[in-house]
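Single-structure report; data block below.
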Amino acid sequence: MNLDKCTECGTLAVPLAHTCTQCGATEFVATAVLGRGSLYTFTTIRVPPAEFEDEAPYTFAVVELEEGLLLPARLEAAQDDKILEIGAPVEFASEDDRGALFRLS
Amino acid sequence: MRSVSIIGIGSTVFGKHRERSPVDLAVEACREALGDANVTLDQIDGFYLGNALAELLNGQGGLAGMVGHELGLPPRVPFTRVEGACASAGIALRHGYLAIAHGMSEFILAAGVEKMSSAPTTTVTAALGCYADSERDGRSGLTFPGFFGLVARRHMYQYGTTREQLAAVTVKNHANGNKNPRAYLRELVTIEDVAESRLICDPLRLYDCSPISDGAAAVVLCPTELTREFTELPIRILATAQTSGPTHVGAISDMTAFPATIEAARQAYQTAGVGPDDIDVIELHDCFTMAEIVDSEDLGFFPKGEGGPAVESGATSLRGQTPINPSGGLLSRGHPVGATGLAQIFEITQQLRRTAANQVEGAEVGLAHNLGGTGMVATVTILSNAA
């Protein structure tokens with residue numbers, strides 16, 4: 001998956017970034033990352049907005065990527081006996097027009 | 001800069017007003033404030049109206065123009081719509097204050113209104129969801145309750161905040177709202193009622209969330225030096241600060257605090273020359289139970305992570321050391337989002353006039369905190385009844 005990388009200081013940002021929050025520079029380049037991290041927090045949304053009625057209930061996660069950035073993502077339902085808890089290792093699964101989809105590793 | 005005071009307040013009952021338009025609600029609150037101030041329409045030289053969602057939920061744009069005209073304000077008066085998500089009314093108050101403080105205006109009418117009950121829940125959820133970054137978090141289906149569900153789980157993980165402590169916020173605020181004739185949800189609830197109510201976004205349940213509500217509130221402001229003609233007890237605005245914060249999850253480093261609140265509080269305390277210990281009564285932004293706990297920490301009343309034990313101990317109840325949300329707060333009084341900031345000012349003004357339904361004894365200095373979006377904007381206003 002791609003993140004925006006500041007061309008001045010290398011700080012990563014969730015696309016589409018306009019101004020680097022660390023150094024104030026305004027040029028970014030799309031950079032591929034593995035998409036590995038752990039669950040910083042998550043919740044299962046049961047009262048959806050109109051456009052997401054087809055997916056409800058769905059789990060929304062904040063992934064703490066290896067690179068240090070917090071990334072919003074939808075989370076696949078837990079398979080096998082994997083436990084959904086803060087700190088659980090997760091990985092990028094796929095991406096569509098609704099953003100990134102992660103799964104428990 | 002001139003000192004500015006509140007000389008009149010007005011508010012509708014908050015609740016479901018399905019047959020009434022946002023214009024109708026705003027006109028009621030404005031007329032009450034004008035009457036309370038003993039000020040006539042032709043004395044008003046500026047009108048600010050806080051409102052967030054009239055285009056999306058009511059099909060009505062230009063709401064400040066609509067309300068100003070229906071009130072009967074003449075062409076020479078500027079009408080300004082103020083929008084800052086759920087902080088719209090706090091920002092409206094601030095702009096009214098600035099207009100007088102800097103000598104541009106003499107008598108300002110500032111109001112806030114929201115009419116949310118006509119639309120289905122999924123539509124209201126989507127409208128509120130517009131305040132998420134639509135290209136990032138919103139795109140992936142993040143909702144308002146969802147954001148605070150994320151915050152709650154993290155705060156519980158990082159600080160040990162418990163399900164019972166969250167519920168204690170609702171229990172307290174409903175106990176307060178029970179006595180407030182303008183509050184929406186006035187039924188008493190127990191910890192069990194809250195903890196067993198319908199799951200919305202775990203760990204948040206129905207009673208952890210402020211209800212979809214309709215309502216309006218308004219104030220009349222003037223220079224402190226002119227107040228004697230209108231009221232024996234003007235309430236002085238010691239400070240009003242407005243700040244900004246991260247607008248999407250990827251820009252946040254710590255999801256258990258709102259930098260906008262922390263900075264607004266710092267500025268307001270500095271301008272007013274007071275600290276958290278000097279505040280006698282507080283109306284803060286409890287859009288969710290978790291929000292009250294986080295806000296109470298961000299505003300400096302308790303160390304980070306101690307907000308949960310504080311509410312559980314009774315420290316923030318009416319008779320406690322740090323009374324929070326004597327009106328019932330957003331959870332009980334209701335949260336018509338564009339009106340809330342001025343409903344808070346309405347309550348603090350009553351407290352400082354000693355006319356509140358849930359009177360905090362001897363209140364002299366009050367603080368109102370209004371938060372917009374997922375911490376995108378915050379206002380902190382400090383009021384005093386000292387001469």
- Note on the structure: Contact order relative to length for the stretch B:1-122, counting C-alpha pairs under 8 Å separated by 6 or more residues, stands in percent at 35 percent
- When the convex hull of its Cα atoms is projected in every direction, mean area for the stretch B:211-369 (nm²): 9.9 nm²
- the stretch B:52-158, convex hull of Cα, quarter of hull surface, nm² -> 9.7 nm²
- Protection proxy ranking, peptides B:53-63, A:85-95, average beta carbon neighbours within 10 Å, highest first: B:53-63, A:85-95
- Query: Between B:Gly245 and residues 5 or more places away or on another chain, which pairs have amide H atoms under 5 Å apart, with H built 1.01 Å from N, and which residues are they?
  - Reply: B:Val377
- Message: Taking the Cα centroid of the stretch B:201-262 and of the stretch A:58-76, what is the distance between the two, rounded to the nearest whole Å?
- Response: 30 Å
- Could you give the angle, 0 to 90 degrees to the nearest 10, between helix B:289-298's Cα long axis and the longest principal axis of the Cα atoms of chain B? 70 degrees
- Sequence order, the stretch B:274-285: Karplus ³J(HN,Hα) from phi using 6.51 cos²θ - 1.76 cosθ + 1.60, θ = phi - 60°, Hz rounded, Gly and Pro as x, gives 10, x, x, 5, 8, 7, 8, 8, 9, 10, 10, 8
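Note down the net charge around B:Phe14, summing +1 for each Lys or Arg and -1 for each Asp or Glu among other residues with Cβ under 11 Å from its Cβ.
+2
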- Normalized C-alpha radius of gyration of chain B, against 2.2 N^0.38 Å? 0.90
- Report B:Glu306's accessible area, 1.4 Å probe, all protein chains in place, as a number in Å² to the nearest 10. 90 Å²
- Mean shadow area of the stretch A:1-104, taken as a quarter of the surface of its Cα convex hull (nm²): 7.1 nm²
- Residue mean of other protein chain beta carbons inside 10 Å, B:119-125: 4
- Inter-chain shielding of B:217-227 (mean C-beta neighbours from other protein chains, 10 Å cut-off): 0
- Message: If you take each beta carbon of peptide B:152-160 and count the beta carbons of other chains within 10 angstrom, what is the mean?
- Response: 3
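Cα gyration tensor of the protein assembly as shown, axes a ≥ b ≥ c as square roots of the eigenvalues: rounded (a/c below 1.5), prolate (a/b > b/c) or oblate? It would help to have the intermediate numbers written out before the result.
On the way: a/c = 1.78, a/b = 1.60, b/c = 1.11.
Taking the square roots of the gyration eigenvalues as a ≥ b ≥ c, the protein assembly as shown is prolate.
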- Query: Between B:Glu229 and A:Thr19, what is the FRET efficiency for a Förster distance of 51 Å, r being their Cβ-Cβ separation, to the nearest 0.05?
  - Reply: 0.55
- Of A:Asp4, B:Asp280, which has the most accessible area with a 1.4 Å probe, and how do the rest follow in descending order? B:Asp280, A:Asp4
- At a probe radius of 1.4 Å, what is the per-residue accessible area of B:Thr271, in Å² to the nearest 10? 100 Å²
- What do you get for Rg/Rh of the stretch B:345-387 when both radii come from the Cα atoms and Rh is the Kirkwood radius? 1.08
- Note on the structure: Among B:Leu98, B:Leu238, B:Leu284, the residue with the largest mean-square fluctuation in a Gaussian network model of chain B built from Cα contacts under 10 Å is B:Leu98
- Counting Lys and Arg as +1 and Asp and Glu as -1 over every other residue whose Cβ sits under 14 Å from the Cβ of B:Pro75, the net charge comes to -1
- Message: Can you give me the C-alpha center-to-center distance between the stretch B:281-320 and the stretch B:37-111, rounded to a whole angstrom?
- Response: 31 Å
- Message: Can you give me the solvent accessible area of B:Arg153 with a 1.4 Å probe, rounded to the nearest 10 Å²?
- Response: 50 Å²
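On a full-extension model of 0.36 nm per residue, what is the gain between B:Glu361 and B:Val13, subtracting their alpha-carbon distance, rounded to one decimal in nm?
Result: 122.8 nm gained on full extension.
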- Message: Using only DSSP helix segments of four residues or longer, with each worth -39500 (n - 2.57), what per-residue ellipticity at 222 nm results for chain B after dividing by its residue count and rounding to 500?
- Response: -10500 deg cm²/dmol
- Contact order relative to length for the stretch B:211-362, counting C-alpha pairs under 8 Å separated by 6 or more residues, stands in percent at 30 percent
- Task: Just grab the label-to-label distance for A:Ser94 and B:Gln158, each label 7 Å out from Cα along the Cβ direction, in nm (one decimal).
- Result: 3.4 nm
- Task: Could you work out the local net charge near B:Cys201, counting Lys and Arg as +1, Asp and Glu as -1, over the other residues with Cβ closer than 15 Å to its Cβ?
- Result: +3
- Of the candidates B:Ala195, B:Pro246, B:Gly103, the farthest towards the positive dipole end of the protein assembly as shown (Lys/Arg Cβ +1, Asp/Glu Cβ -1, centred on the Cα centre) is B:Gly103
- Setting aside same-chain residues fewer than 8 positions from B:Lys115, which lysines have a Cα under 30 Å from its Cα? B:Lys16, B:Lys172, B:Lys179
- Query: With labels modelled as points extended 7 Å from the Cα through the Cβ direction, what inter-label distance (nm, one decimal) is found for A:Glu51 paired with A:Ser38?
  - Reply: 3.3 nm
- Nearest 0.05, what FRET efficiency do B:His102 and A:Glu27 give at R0 = 41 Å with Cβ-Cβ as r? 0.55
- Task: Go through B:Pro336, B:Val360, B:Thr349 and say which Cα lies farthest out towards the positive end of the charge dipole of chain B; charges sit on Cβ, +1 for Lys and Arg, -1 for Asp and Glu.
- Result: B:Pro336
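The values are calculated or read from the model by the stated rules, or taken from the named source; none is laboratory data. All values reported here derive from a predicted model rather than from experimental measurement. FYI the Cβ positions are ideal-geometry reconstructions off the backbone, even for glycines, and counts take in every protein chain you see. Ligands, DNA and RNA are excluded from the accessible area calculation, which covers all protein heavy atoms including side chains. Shrake-Rupley method; radii C 1.70, N 1.55, O 1.52, S 1.80 Å.
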